[in-house]
Amino acid sequence: VQLVESGGGLVQPGGSLRLSCVASTRTFEDYAMAWFRQAPGKAREFVAAINWRDSTTYQESVEGRFTISRDNAQATMYLQMDNLKTEDTAVYYCAADAAYWGNRENMYDNWGQGTQVTVSS
């Protein structure tokens with residue numbers, strides 16, 4: 001499965017962005033999807049995930065500010081990011097897996113190339 005992220009950019013603190021991840025598969029509904037991010041000089045970390053039944057889970061630091069969703073008909077996953085903070089600056093990656101759903105990076109088999117999000121005044 002090929003994954004392509006978009007929607008990143010430069011935004012001021014308190015602003016919003018919506019990231020998209022388009023998957024090249026006709027069986028998108030069979031995949032659990034997730035967002036991870038990597039800030040400069042830091043390890044990649046889990047942000048949010050959504051499974052086949054639209055159940056969701058979030059990293060504590062983004063809970064209440066970020067919303068993950070999916071549109072199976074469009075084979076697309078979204079990450080709505082509100083009230084952005086400077087510490088949200090990172091490259092954001094989408095990931096997909098047909099058998100695993102959760103926050104463990106090494107369990108996802110398919111990855112996009114990432115989109116840069118910069119939060120700065």
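Worth pointing out:
- Number of the condition not met by Ala73 [criteria: (1) aliphatic (A, V, I, L, M); (2) open to solvent by less than 80 Å² (accessible area, probe 1.4 Å); (3) within 18 Å of Asn51 (Cβ to Cβ)]: (2)
- Among the residues of segment 83-100, those that are acidic (Asp, Glu) and surrounded by 14 or more Cβ atoms within 10 Å (Cβ to Cβ) comprise Asp88, Asp97.
- Among the residues of segment 101-116, some residue qualifies, meaning at least one is surrounded by 15 or more Cβ atoms within 10 Å (Cβ to Cβ), hydroxyl-bearing (Ser, Thr, Tyr), more than 20 Å from Leu10 (Cβ to Cβ) and more than 12 Å from the chain's Cα centre (by Cα).
Quick grid of which residues meet (1) on the phi < 0 side of the Ramachandran plot; (2) open to solvent by less than 50 Å² (accessible area, probe 1.4 Å):
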{"site": "Arg26", "(1), (2)": "yes, no"}
{"site": "Asp30", "(1), (2)": "yes, no"}
{"site": "Trp35", "(1), (2)": "yes, yes"}
{"site": "Ala39", "(1), (2)": "yes, yes"}
{"site": "Asn51", "(1), (2)": "yes, yes"}
{"site": "Asp54", "(1), (2)": "no, no"}
{"site": "Glu60", "(1), (2)": "yes, no"}
{"site": "Gly64", "(1), (2)": "no, no"}
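The values are calculated or read from the model by the stated rules, or taken from the named source; none is laboratory data. The structure displayed is predicted, hence computed values, not measured ones. Neighbour counts are summed over all protein chains in view; Cβ atoms, including those assigned to glycine, are modelled from backbone coordinates with ideal geometry. In case anyone asks, the SASA skips ligands and DNA or RNA and just uses the protein heavy atoms, side chains included. Shrake-Rupley method; radii C 1.70, N 1.55, O 1.52, S 1.80 Å.
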